[in-house]
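Report on the structure given below.
The values are calculated or read from the model by the stated rules, or taken from the named source; none is laboratory data. Model, not experiment: these values are computed from the prediction. Methodologically, a virtual Cβ is constructed for each residue, glycine included, from the backbone with ideal geometry; neighbour enumeration extends over all protein chains shown.
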Amino acid sequence: MYKNYLKIAWRNLKKQPFFTFLNVFGLAIGMTGAILISLFVHDELSFDKMFADSDRIYRIDTDIKFGGAEMESAQAAAPMANALQNDFAQVKNTVRFRTKGSMLLRKSETNDNSKELQTTFVDSTFFDMFGIQLLSGDRKTALTQPNTLVLTKTAAEKHFGIKNAIGQNLLLNNTDTYTITGVIDDLPTNSFLKDYSVFMAMAGHVASRENNWGGNNFYTFIKLIPSANADDIKIPLASMLEKYMLPWAQKYFPGMTGESFAAAGNSIRYHTMPLTDIHLYSARESEMSSNSSMQNVYILSFIGLFLIILACVNFMNLSTAHSLKRAKEVGVRKTLGSNKTELIQQFLIESGLIALISLLLAVALSITVLPLFNELSGRAISLPFTNPIFWLILFVATIILGLFSGSYPAFFMSRLMPVKTLKGGSHTSVGGGNIRNALVVFQFAISVFLIVSTLVVFQQLKFIQSKDLGFTKDQVLLINDTYAAGKQVKAFKEEVGRLGQVQSSTFSSFLPVPSSRSSSSFFEEGAIEQDKAIQMGTWYVDEDYIPTLSMKLIAGRNFDKQHLTDSTAVIINESTLKRLGVNPEAALGMRISEEIEIEKSKFFTVIGVVKNFHFESLRENINALGLFLDKSTGTLAIKLKAGDFKQTISSIESIWTKLAPGQPFSYRFMDDAFNTSYDAEQRLGRIFMVFTILSIFIACLGLFGLAAFNAQKRTKEIGIRKVLGASISQITYRLTTDFLKMVGLGILISLPLGWYTMNKWLEDFSYRIEISWWILALAAFLAIAVAILTVSYQSIKAAITNPVKSLKTE
Amino acid sequence: MIKIQNLKKSFRTEEVETLALNDVNLNVASGEFVAIMGPSGCGKSTLLNIIGMLDNPTEGSYKFSDHEVGGLKERQRTELRKGNLGFVFQSFNLIDELTVYENVELPLIYLKMNKSERKQKVMAVLERMKIAHREKHFPQQLSGGQQQRVAISRAVVTNPKLILADEPTGNLDSKNGIEVMNLLTELNQEGTTIVMVTHSDRDSHYAHRIVNLFDGQIVTESQNRAMEARV
């Protein structure tokens, strides 16, 4: 009996290639989307779980409210790790990271540097903490001595083999010599250490041994004993403030108590963040690697679910519509003694078969588009072909999908009465029209919702890109790691400045795009009290900085080579001005100091006030900032005149190779660098766009099939209308408007929903657009236009048919 | 075999109730060949559908081999129908996606007969209907007469007690029509009861008895003189 079912199913599929194609293709596209999204979500959820005892490892985070600035830091003070381990039995192990960003590495005897993007100092407990094995070297002694380091396999292979790397020397940033004491495997791409390749012994980091509770610069991880959990460490963590932080601070602010500290609106709170939650739940300042968010995981999961539901809806719609053709078969089978259950079985087997064929196509499609998807999502996901569980899940999900989407058509068709279906042949009316219409409404509601979301995301991105940022990011070329030129940096800037295409250039590691950051507490002269502190960013720039980036001074002047005293001058931004509580002119000449110990005080005189510029992402407000004149040669920012950039870049490169032989030359444009701050949004926008297109495509496949069915069903009606004198346009209009009503209803449902949801999303931005009516109108228009295009083909085709032909089919 | 008493069937639309069968009484004995005649819309097909257990009467009693059919659930009707009844339609109603062999095999599959037994029965009936050489063809590849022979093969393959034929020659030319009628007669002579709805005077003459239906009521019943003469 099952053989018979399969046989007739197969023949039916072959006989109706058009419907089969619509069905299989629609399902396959939905499945492909779902497969890719599932892999992505699985990858997101798997972060950092590969580390030994990952469920017992926590990071210590610090929330600081001080000097008018609030900071949620992913770091803790240097002595925190030791204090926790010494004082509390629940803490089994600790490790600290002090990241150093990118570094240049070369063998001592050569000149050729290679760049490692993420490097860090780390305690020697690193291996035990995360269960990391060494490919070579001794885990007991590696990283115990100053000036030793451990490399990942890939980094090691750039200079030596894995085996003979041990004991070799490397020069870091052309200055410090380090000995390689170990090589580890590359770190998993789904871990917080994924970008790190160089681990230097913390023993060589002076600040790591200082009893400084004021600076929070160390990523501190603790591992609890098996019997303890995060709650057990809450009270110990809270006690650190009274026990260590306040006594330390009282050295500088005699008489300060916990009460007066709090009364001034200040606070410091320590938290634990589970290691395995960092990737999805932590969004603190200066995370060790770029994190994702659970929100995105939810959004994507929903989109994946939408796609699958859309595809199922298509399937149900097409199958029931198509059942007209199968009605006779159902009737015959019933008269021959088939009961309902057997018919239901038969149709379910058929939909199962279609689902399986779609699965094959979906797997093929997934393999094809995976590279594109990886580019889109910024991951390195692969299909786990060798994992039987993957196939099992896929297979079971497909069967469930087949049964689910086949259930409605199966029950619907098995109810057809033979008395009705056998007599008339093809002009039996098929019910279920209301449900089919509801399904179309649902599909378009989802599609329009996704269109609205996509438009809003892109509008917000456009707004960000075109917003007056307080500086000009266009036509600014950034030459990276210019410090590698050593003594030649000055010559490099001078020679570049002589190029015809170069308007001006400036050296600084601090730029209003992702780059170096530092900050400190400052005090107005004569007001060194803890409640008067100003937490201010400290940027080191040269005198060309403000003109090169076209920033505006609203009072005072820029740094000047002629003024020798400018080494103790500061240019503040408007946010600092607000903290000082004076008007721009009054601020000029004020003196501020960073040192808390009065005898050591070094004062900086305010010589100018720069208009606020956005130096962090637009999600955040502009904080207090001070520009200081100092040598900071990390990046050369070059303002170019309009023209042939390629030519200019190659001229700059040849100057670089001449002055800094063997040092890597790398550059980026400032507007591109700026855009990387919005990677998450751009990615979200692109992902939205792709899946929106997919969902509209699936909805259209369904609509197309339904329109074909409708035209076919009404062949006779159309013929009669034409005989009675209806014009082609009248008939086309008649056939099309039926569908447009459903699309319209879908739009009405989805617009308020889209508006509400996207307003929630926009709340994350300090600077955001308002959703204007035209975005909603455009989304509605797009949906209607696509629907008209889809339906009108079938409608016009039906309308122009000669009525003699259509009436003959009676 | 068939005992119908005071049978009524009405169809209800939103506003109108149509009485398709009004107080029909009919008995068909085992081995009989009965033709039901009457103008379009008189209720012939409705009566045949009820006899064929494809439809339920609104009122009255219908006993098939002493089983009361009226009021049975669909599942129960299906069970009773299986193997007992064979259908022949005007428009053949073969399944286009199945071959001749597979079409005829279908009722046996629903009887859960095993494969070798099925094969033997199907081939035997196809041989008998002189259509065995076409067993691998699809219905669309056959002439109307051949299609109806396949349909009859399918109706009789289970050895049913009763064959219901709804205008079996309606879509055939006279030569094929006569051939089909001869086949039905042959089956009847072997003991199968046949109830046939027809418009055709020629066909009705093959029956033992003609029942004339008009506006849902049996108006006349007549023994077929030609048959009497033959018997």
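Per the conditions (1) in contact with a Ser or Thr (Cβ under 9 Å, 6 or more places away or on another chain); (2) under 30 Å from A:VAL297 (Cβ atoms); (3) modelled with pLDDT under 85, the sole criterion not satisfied by A:PHE385 is (1).
Are any of the residues in region A:704-721 over 16 Å from A:ARG436 (Cα atoms), over 41 Å from the mean Cα position of the chain (by Cα) and outside any helix (DSSP H, G or I)? Yes, the conditions are met somewhere in region A:704-721. Comparison of A:ARG768, A:ARG734 shows that the only residue that is out of contact with any Lys or Arg (no Cβ under 6 Å at 6 or more places or on another chain) and assigned to a loop (DSSP other than H, G, I, E, B) is A:ARG768.
With the condition kept exactly as written, say whether any residue in region B:120-135 is within 23 Å of A:LYS14 (Cα to Cα) and within 10 Å of chain A (Cβ to nearest Cβ). Within region B:120-135 (the criterion being within 23 Å of A:LYS14 (Cα to Cα) and within 10 Å of chain A (Cβ to nearest Cβ)), the answer is no, since none of the residues qualifies.
Against the test of being crowded, with 19+ Cβ neighbours inside 10 Å and either among the acidic types (Asp, Glu) or part of a helix (DSSP H, G or I) (or both), the options A:ASP566, A:ASP560 yield a single qualifying residue, A:ASP566. Which one of A:PHE347, A:PHE373 is within 20 Å of A:LYS15 (Cβ to Cβ), aromatic (Phe, Trp, Tyr) and part of a helix (DSSP H, G or I)? Residue meeting the stated conditions: A:PHE347.
For region A:301-344, the set of residues classified as among the β-branched types (Val, Ile, Thr) and either within 14 Å of chain B (Cβ to nearest Cβ) or not in a helix (DSSP H, G or I) (or both) consists of A:VAL330, A:VAL332, A:THR335, A:THR341, A:ILE344, listed by residue number.
Of everything listed in (1) farther than 30 Å from A:PHE261 by Cβ; (2) at pLDDT 85 or above; (3) over 24 Å from the mean Cα position of the chain (by Cα), the single unmet condition for A:THR538 is (1). Taken together, the residues in region B:98-111 that are hydroxyl-bearing (Ser, Thr, Tyr), more than 8 Å from chain A (Cβ to nearest Cβ) and not in a loop (DSSP other than H, G, I, E, B) amount to 1. Summed over region B:84-97, the residues that are within 14 Å of the chain's Cα centre (by Cα) and within 7 Å of chain A (Cβ to nearest Cβ) give a count of 4. Evaluation of A:GLY161 against the conditions (1) more than 30 Å from A:LEU224 (Cα to Cα); (2) in contact (Cβ under 8 Å) with a residue 60 or more places away in the chain; (3) in a loop (DSSP other than H, G, I, E, B); (4) out of contact with any helix residue (DSSP H, G or I) (no Cβ under 9 Å at 6 or more places or on another chain) shows that the sole unmet condition is (2). B:GLY144 satisfies every condition listed in (1) at pLDDT 90 or above; (2) more than 14 Å from chain A (Cβ to nearest Cβ) except (1). Going through (1) free of Cβ contacts under 8 Å to residues at least 40 places away in the same chain; (2) of a type outside the set (A, V, I, L, M); (3) within 14 Å of chain B (Cβ to nearest Cβ) one by one, A:GLN16 falls short only on (1).
Under the condition of being within 13 Å of chain A (Cβ to nearest Cβ), aliphatic (A, V, I, L, M) and touching a helix residue (DSSP H, G or I) at 6+ places or on another chain (Cβ under 6 Å), the residues counted in region B:30-83 number 2. Here is the figure for region A:376-408: residues that are outside any helix (DSSP H, G or I) and among the aliphatic types (A, V, I, L, M) total 3. A single entry from B:THR193, B:THR198 fulfils the requirement of being touching a helix residue (DSSP H, G or I) at 6+ places or on another chain (Cβ under 9 Å), surrounded by 13 or more Cβ atoms within 10 Å (Cβ to Cβ) and closer than 25 Å to B:ILE50 by Cβ: B:THR198. Under the condition of being assigned to a strand (DSSP E or B), among the charged types (D, E, K, R) and touching a Lys or Arg at 6+ places or on another chain (Cβ under 9 Å), the residues counted in region A:82-118 number 2. If the condition is being assigned to a helix (DSSP H, G or I) and either surrounded by 17 or more Cβ atoms within 10 Å (Cβ to Cβ) or of a type in the set (D, E, K, R) (or both), then region A:453-473 contributes A:SER453, A:THR454, A:LEU455, A:VAL456, A:VAL457, A:PHE458, A:GLN459, A:GLN460, A:LEU461, A:LYS462, A:ILE464. Within the set A:LEU343, A:LEU360, A:LEU372, the sole residue that is assigned by TED's automatic domain parsing to the domain that holds A:VAL396 and buried (at least 18 other Cβ atoms within 10 Å of the Cβ) turns out to be A:LEU343.
Restricting attention to region A:508-535 and to residues that are of a type in the set (A, V, I, L, M, F, W, C) and over 26 Å from A:THR676 (Cα atoms), the residue that is modelled with the lowest pLDDT turns out to be A:ILE528. Hey, could you check region A:15-30 for residues that are surrounded by fewer than 19 Cβ atoms within 10 Å (Cβ to Cβ) and more than 38 Å from the chain's Cα centre (by Cα) and say which is farthest from A:LEU401 (Cα to Cα)? My answer is A:LYS15.
Here A:VAL332 fulfils each of the conditions (1) closer than 27 Å to A:MET689 by Cβ; (2) touching a residue at least 24 places away in the same chain (Cβ under 8 Å) apart from (1). Take region A:620-635 and flag every residue that is modelled with pLDDT under 85 and among the basic types (Lys, Arg). Correct list: empty.
Looking at (1) under 24 Å from A:GLN459 (Cβ atoms); (2) assigned to a helix (DSSP H, G or I), which one does A:GLU616 not meet, given that it meets all the others? Among (1) under 24 Å from A:GLN459 (Cβ atoms); (2) assigned to a helix (DSSP H, G or I), A:GLU616 violates only (2).
On the basis of being in contact (Cβ under 8 Å) with a residue 12 or more places away in the chain and either within 19 Å of A:LEU478 (Cβ to Cβ) or out of contact with any Ser or Thr (no Cβ under 9 Å at 6 or more places or on another chain) (or both), does A:LYS602 make the cut? Criteria not met by A:LYS602.
Rundown of residues vs (1) out of contact with any His (no Cβ under 9 Å at 6 or more places or on another chain); (2) β-branched (Val, Ile, Thr); (3) more than 16 Å from A:THR538 (Cα to Cα); (4) surrounded by 15 or more Cβ atoms within 10 Å (Cβ to Cβ), yes/no style:
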{"residue": "A:VAL606", "(1), (2), (3), (4)": "yes, yes, no, yes"}
{"residue": "A:VAL609", "(1), (2), (3), (4)": "yes, yes, no, yes"}
{"residue": "A:GLU616", "(1), (2), (3), (4)": "yes, no, no, yes"}
{"residue": "A:ARG619", "(1), (2), (3), (4)": "yes, no, yes, yes"}
{"residue": "A:PHE628", "(1), (2), (3), (4)": "yes, no, no, yes"}
{"residue": "A:LYS631", "(1), (2), (3), (4)": "yes, no, no, no"}
{"residue": "A:THR635", "(1), (2), (3), (4)": "yes, yes, yes, yes"}
{"residue": "A:LEU640", "(1), (2), (3), (4)": "yes, no, yes, yes"}
{"residue": "A:THR648", "(1), (2), (3), (4)": "yes, yes, yes, yes"}
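Taking the conditions (1) under 39 Å from the mean Cα position of the chain (by Cα); (2) closer than 30 Å to A:THR320 by Cβ in turn, A:TRP755 satisfies each one other than (2). Scanning region A:720-734 for residues that are closer than 9 Å to A:ILE796 by Cα and either modelled with pLDDT under 75 or buried (at least 17 other Cβ atoms within 10 Å of the Cβ) (or both) gives A:ILE731, A:THR732.
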